[in-house]
Amino acid sequence: MTTALDTLTTRTGLALRDVTLTYPDGEARLTALDAVSLDVAPGEFTAVAGPSGSGKSSLLAVAATLLRPDCGEVLIDGVDAGALGDRERTALRRDRLGIVFQQSNLLASLTAVEQLLVLESVRGRRPREARRRAEELLASVGLEGAKQRRRPHQLSGGERQRVNIARALFGEPSVLLVDEPTSALDHERGAQIVTLLAEITRAHSTATVMVTHDRDLLGRVDRVLEMHDGRLS
Ligand code: ADP
Ligand code: MG
């Protein structure tokens, strides 16, 4: 089946237009995102900083098309995610978004290289080619040789985060969304991960959004936006 998405090849990155998101809160609604607008171009590394509870994860969930906003638009490479049906939105996410969640959700029984290959069943590269690409990506994030055949419990926190990042890149996403990638790491390893994300943003031309509450790590980003009570400035 050919859809509008298949024919659209231009990468324009991520745009949010006047996005408002509320959650049920007893009788009332809690406003997690309050008329948020944001543009991130390909190759641009944007950080969103703000205190806990300010709406950062909600912002990423909406940008990832995992939560539908009450109003406003989410555009991925110019495609309005809100106008798509569930199937098309799932395809959009698979083909154009790379997501690194706050909790590492690696599968305990799989090796690093298998964490990437498990996604392949939905993509259709040839197995040998997929494995070569997975190994190449893991090496590019600093996991080489025998480490690629380790399971999550045999890797350090920083190494697990590198597997998460490589996995997010496996589908060659236009938009890379990363939630608090350094929260489980010491300062030095956290700084290494941010440097890696900066390099990836250049090398893969991703429109990258990293959410963090750690302001010491913002030296390598192109732009820092502040989130407060659901408002972005
Ligand atoms: P941050 O990532 O900056 O800590 P969140 O986006 O997780 O902020 O949360 C923003 C606000 O929305 C907080 O007040 C939080 O309690 C609330 N919130 C987050 N998720 C939910 C949910 N699933 N249901 C109800 N309220 C939520
Ligand atoms: Mg959060």
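The values are calculated or read from the model by the stated rules, or taken from the named source; none is laboratory data. These numbers were taken from a predicted model, which means no experiment stands behind them. Here Cβ is always computed from backbone atoms with ideal geometry, including for glycine, and neighbour counts include all displayed protein chains. Calculation scope for accessible area: heavy atoms of the full protein, side chains included, ligands and nucleic acids excluded. Shrake-Rupley method; radii C 1.70, N 1.55, O 1.52, S 1.80 Å.
So the values come out like this:
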read-out	value
Test for Leu59: is it closer than 19 Å to Leu21 by Cβ, within 16 Å of ligand 2 (Cβ to nearest atom) and open to solvent by less than 10 Å² (accessible area, probe 1.4 Å)	yes
Near pairs, Cβ below 7 angstrom, 6+ apart or cross-chain, from segment 206-228 (more than 15 Å from Ala41 (Cα to Cα)) to any residue that is outside any strand (DSSP E or B) and of a type in the set (Lys, Arg)	Val211/Lys56; Met227/Lys56
Where a residue in segment 156-183 is hydrophobic (A, V, I, L, M, F, W, C) and its partner, wherever it lies, is within 16 Å of ligand 2 (Cβ to nearest atom) and part of a helix (DSSP H, G or I), with Cβ under 7 Å and at least six apart	Leu177/Leu60; Leu177/Ala63
Residues located in segment 38-52, provided they are exposed (fewer than 15 other Cβ atoms within 10 Å of the Cβ) and either over 26 Å from Gly85 (Cα atoms) or within 16 Å of ligand 2 (Cβ to nearest atom) (or both)	Pro51, Ser52
Selected residue (criterion: modelled with the highest pLDDT) from residues of segment 5-37 that are surrounded by fewer than 13 Cβ atoms within 10 Å (Cβ to Cβ), among the polar types (S, T, N, Q) and not in a helix (DSSP H, G or I)	Ser37
Those residues of segment 38-66 which are without any contact (Cβ under 8 Å) to a residue 24 or more places away in the chain and not in a loop (DSSP other than H, G, I, E, B), in sequence order	Ala61
